[in-house]
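> Quick one: the structure is below, and I'll ask about it shortly.
The values are calculated or read from the model by the stated rules, or taken from the named source; none is laboratory data. Just so it is clear, the structure is predicted and the values come from calculations on it, not from any experiment. A quick note on method: Cβ atoms are made from the backbone with ideal geometry, for glycine too, and the neighbour counts reach across all protein chains shown.
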Amino acid sequence: MLPLDGIKVIALEHAIAAPFATRQLADLGARVIKIERPGKGDFARSYDTRARGMSSHFVWTNRSKESLTLDLKSPEGMDVLSKLIEGADVLVQNLAPGAADRMGLGFETLHEIHSELIVCNISGYGPDGPETNRKAYDLLVQAEAGFLSITGTDAKPSKAGISVADIAAGMYAYTNILAALLQRGKTGLGIEINISMLEALAEWIGYPMYYATDGAEPPARAGAAHATIFPYGPFMAGDGKEVMFGLQNDREWAVFCRDILDAPALETDPRFESNQARAANKLDLTAIIMAAFSEWNAEEVIVRLTAAGIANARMNDMAGLWAHPQIRARDRWREVSTPIGPMPALLPPGGIGAEPRMDAIPAMGEHSRAILEELGIDSASIEALSKARII
């Protein structure tokens, strides 16, 4: 038995934030019915074709779900949705601002009829305030939340290489839904959850925000290096490859001077005796580190750092992650079905009890007929809905 066995989730979702949240609910055993537009589906299906002909984003965020195509602009489509909601525990939506309310899917309206239903709304800026109606895509929220101002180099800001605003919102949606299910177990009542991409990412940027308290200078953009701790970032070895390592305290600095640099006197050098001093004199210290590392290749640097107890990492690319020996040693890879054949998939982090659910990635509308039959809709009516392109 999985923790969310018996929980039914209706997902009016597209792109990343909501699908990422509901996929994690599905991982824990929830039945997630994904509503897609007839003929088009979730637009994330067509972002790319890099995952063996499928969209990389869609493959990542949509396993273990059922796909129901449904035209929600039609009365017939809304009738079907109403029947689905009657037996649902959770409704998740990240439609355009205001769309859910216009469709009669606002929390107050639904709560009068389905008092146990949990409604989770995911938006860019929240349900009220001056920005509530603004469209919000991940990169735009990265800019609005100040993320770009601290990411990149002195010469140029950079976006995150992943959809960090979407992921933040998806994670808060997921955890809030779990909390709401626990609360419903005590009160018997569903609640409304409003997740804002801006607020989610702002929470994740708490450290640089506090670093710049009362108008103080924010952390400098430092590329792959840490903005305020030094040395902490990539350094070139003698074979031209980069190694990432970091020192978190003065004890590690002393070990680094003695065991790596073979220069114990540097421990008390006034230029480097504290992290603030090392950060202020990073050019001088970088030259010393590079001179030492030039004697070894990257693997030799890693061996030496590891032996000294200094935290380090290889600068892996995606091929390196696919083949990562630690992930393989911990047996984290599984295989899931897709419309075009099996696809490798990582087990989600953690896990409670039985192995997480790792079911198929659905074809668009794959489960439409079965779901409608389950709702008691007869074959002739289903055929009529299909011919009218309502499903």
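> Considering only residues that are part of a loop (DSSP other than H, G, I, E, B) and buried (at least 19 other Cβ atoms within 10 Å of the Cβ), which ones fall in region 135-150?
If the condition is that a residue be part of a loop (DSSP other than H, G, I, E, B) and buried (at least 19 other Cβ atoms within 10 Å of the Cβ), then ALA136, ALA145, PHE147 are the ones that fit.
> Here's another thing I want to ask about it. Would you mind listing the strands (runs of 3 or more DSSP E) fully within region 1-76 where at least 2 residues are in the same structural domain as ASP378 (by TED's automatic domain parsing) and of a type in the set (D, E, K, R)?
Hits in region 1-76: 31-36, 65-69.
> Filter region 77-108 for residues that are touching a residue at least 40 places away in the same chain (Cβ under 8 Å), in a loop (DSSP other than H, G, I, E, B) and surrounded by 17 or more Cβ atoms within 10 Å (Cβ to Cβ) and give the result.
Those that are touching a residue at least 40 places away in the same chain (Cβ under 8 Å), in a loop (DSSP other than H, G, I, E, B) and surrounded by 17 or more Cβ atoms within 10 Å (Cβ to Cβ): ALA88, ASP89, ASN94, LEU95, LEU105.
> Then there's this: If I go through region 264-278 residue by residue, how many of them are closer than 22 Å to ALA308 by Cα, outside any loop (DSSP other than H, G, I, E, B) and within 36 Å of the chain's Cα centre (by Cα)?
2
> Would you mind stating whether ASP154 is within 19 Å of ALA17 (Cβ to Cβ) and acidic (Asp, Glu)?
no
> Hey, does region 205-222 have a residue that's touching a Ser or Thr at 6+ places or on another chain (Cβ under 7 Å), surrounded by fewer than 18 Cβ atoms within 10 Å (Cβ to Cβ), of a type in the set (Gly, Ala, Ser) and touching a residue at least 24 places away in the same chain (Cβ under 8 Å)?
No, that holds for no residue.
> For region 306-315, state whether one or more residues are in contact (Cβ under 8 Å) with a residue 24 or more places away in the chain and within 24 Å of GLU13 (Cα to Cα).
The answer is no, given that none of the residues of region 306-315 is in contact (Cβ under 8 Å) with a residue 24 or more places away in the chain and within 24 Å of GLU13 (Cα to Cα).
> Let me ask another. Is one or more of the residues making up region 89-98 at pLDDT below 95, out of contact with any strand residue (DSSP E or B) (no Cβ under 7 Å at 6 or more places or on another chain) and of a type in the set (Gly, Ala, Ser)?
Checking region 89-98: at least one residue is at pLDDT below 95, out of contact with any strand residue (DSSP E or B) (no Cβ under 7 Å at 6 or more places or on another chain) and of a type in the set (Gly, Ala, Ser).
> Enumerate the pairs (first residue in region 248-259 and surrounded by fewer than 16 Cβ atoms within 10 Å (Cβ to Cβ); second residue anywhere and of a type outside the set (S, T, N, Q) and in a helix (DSSP H, G or I)) with beta-carbon separation below 8 Å, excluding pairs fewer than 6 apart on the same chain, so at least 6 apart or on different chains.
ALA254/PRO264; ALA254/GLU267; ARG258/PRO264; ARG258/GLU267; ASP259/ARG304; ASP259/ALA307
> Look at region 287-335 and say how many of its residues are at pLDDT 95 or above, among the polar types (S, T, N, Q) and within 21 Å of the chain's Cα centre (by Cα).
0
> Go through region 370-381 and give me each residue that's aliphatic (A, V, I, L, M), in a helix (DSSP H, G or I) and either surrounded by fewer than 17 Cβ atoms within 10 Å (Cβ to Cβ) or not assigned by TED's automatic domain parsing to the domain that holds LEU72 (or both).
ALA370, ALA380
> If ALA388 meets every condition in (1) out of contact with any Lys or Arg (no Cβ under 9 Å at 6 or more places or on another chain); (2) modelled with pLDDT of 95 or more; (3) under 27 Å from PRO3 (Cα atoms); (4) among the small types (Gly, Ala, Ser) apart from one, which number is that one?
ALA388 satisfies every listed condition except (3).
> Okay, next question. Can you tell me which residue is nearest to VAL92 (Cα to Cα) among those in region 175-214 that are in contact with a Cys (Cβ under 9 Å, 6 or more places away or on another chain) and assigned to a helix (DSSP H, G or I)?
The qualifying residue nearest to VAL92 (Cα to Cα) is ILE177.
> Are there any pairs with C-beta distances below 9 angstrom linking a residue in region 45-68 that is of a type in the set (Val, Ile, Thr) to a residue that is assigned to a strand (DSSP E or B), with the two at least 6 apart or on different chains, and if so which?
Partner pairs satisfying both residue conditions: VAL59/ALA51; VAL59/VAL336; VAL59/MET343; VAL59/ALA345.
> Is it true that some residue in region 183-194 is among the acidic types (Asp, Glu), in the same structural domain as TYR125 (by TED's automatic domain parsing) and either touching a Ser or Thr at 6+ places or on another chain (Cβ under 7 Å) or within 18 Å of GLN142 (Cα to Cα) (or both)?
No, region 183-194 contains no residue that is among the acidic types (Asp, Glu), in the same structural domain as TYR125 (by TED's automatic domain parsing) and either touching a Ser or Thr at 6+ places or on another chain (Cβ under 7 Å) or within 18 Å of GLN142 (Cα to Cα) (or both).
> For region 355-369, indicate whether the set of residues that are exposed (fewer than 12 other Cβ atoms within 10 Å of the Cβ) and closer than 28 Å to SER64 by Cβ is non-empty.
Scanning region 355-369 turns up at least one residue that is exposed (fewer than 12 other Cβ atoms within 10 Å of the Cβ) and closer than 28 Å to SER64 by Cβ.
> Let me ask you something else. Which of (1) under 36 Å from the mean Cα position of the chain (by Cα); (2) in a loop (DSSP other than H, G, I, E, B); (3) within 15 Å of ALA307 (Cα to Cα) does PHE256 not meet, given it meets every other one?
Unmet condition: (2).
> Please go through region 16-53 and pick out each residue that is surrounded by fewer than 21 Cβ atoms within 10 Å (Cβ to Cβ) and touching a helix residue (DSSP H, G or I) at 6+ places or on another chain (Cβ under 6 Å).
Across region 16-53, the qualifying residues are ALA44, ARG45, TYR47, ASP48, ARG50, ALA51.
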